[in-house]
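The values are calculated or read from the model by the stated rules, or taken from the named source; none is laboratory data. What you see is a predicted model; the values in this text were computed from it and never measured. We work out accessible area using only protein heavy atoms, side chains counted, and drop any ligands, DNA or RNA first. Shrake-Rupley method; radii C 1.70, N 1.55, O 1.52, S 1.80 Å.
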Amino acid sequence: DSLVFVDAPAPILHRLKRYTFDEVTRNMLTLLGTVAPKGILVLLNVPLSEFVKTDNGKDSNLTTTKVTYLLCDATTLEVICGVQHRDAGSTGRQPIDHVKSVFGDIGLPLLEFPVSNDISEHEVRDKLDPVLLGRDVQACPNCGETMTIRKAKKGKRAGSIFWVCND
């Protein structure tokens, strides 16, 4: 009787998770994908150093500090705005203060949301629509004066955003 050696299968070291990202991140990515119009790219956890520089040559934590969601023009990658969850203390999410300061310095909006998976599409749309619509300066078709964004407060279009002439 001879012994036969059979190679044991190599142990599997990696497995695909059941869900991609944590529940809060997954919910926000889904909402941003639903609300953002075609042509807007949503990037996740982007270091500030990828789109911000300092005048004094010091990094000021730009490499290590990240904006959770960065919305960019899909063609030019021009930054439109950032989206960040408010500081959640012990959840491991970084404080928002530095990110807010940087976005204030560069003159771009930073939309804030609570660390929650109960954020509604309506909440995201309320904050994002004015930013996206505000990118385009609209001129009144009747008089050529600039127009302003307003939100309908009553009626069947309540909550909808529309343009109104400043004149």
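Taking a threshold of 22 Å on the Cα-Cα distance, which of the pairs 127/153; 53/100; 100/153; 17/100; 17/66 fall above it?
On the way: 127/153 15 Å; 53/100 15 Å; 100/153 29 Å; 17/100 32 Å; 17/66 24 Å.
Result: 100/153; 17/100; 17/66 exceed 22 Å.
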In whole Hz, the Karplus estimates of ³J(HN,Hα) for the range 110-127 (6.51, -1.76, 1.60; θ = phi - 60°; x where Gly or Pro) are 10, 8, 10, 9, x, 7, 7, 9, 9, 6, 8, 4, 4, 4, 5, 4, 4, 8
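Under a 1.4 angstrom probe, counting protein chains only, how are 23, 145, 50 ranked by accessible area, largest first?
The ranking, largest first, comes out as 50, 23, 145.
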Once fully extended, how much extra length lies between residue 45 and residue 143, figured as 0.36 nm per residue of separation less the alpha-carbon to alpha-carbon distance? 30.9 nm
Amide H neighbours of residue 74 under 5 Å, counting only residues 5+ apart in sequence or on other chains, H built in-plane at 1.01 Å? 40, 41
Taking H placed 1.01 Å from N in the peptide plane, check which residues at least 5 places from residue 115 or on another chain put their amide H under 5 Å from its amide H. 86
Pop out the ³J(HN,Hα) list for the range 27-35 in order, Karplus 6.51 cos²θ - 1.76 cosθ + 1.60 with θ = phi - 60°, rounded to Hz; leave Gly and Pro as x. 5, 5, 4, 5, 5, 5, x, 6, 7
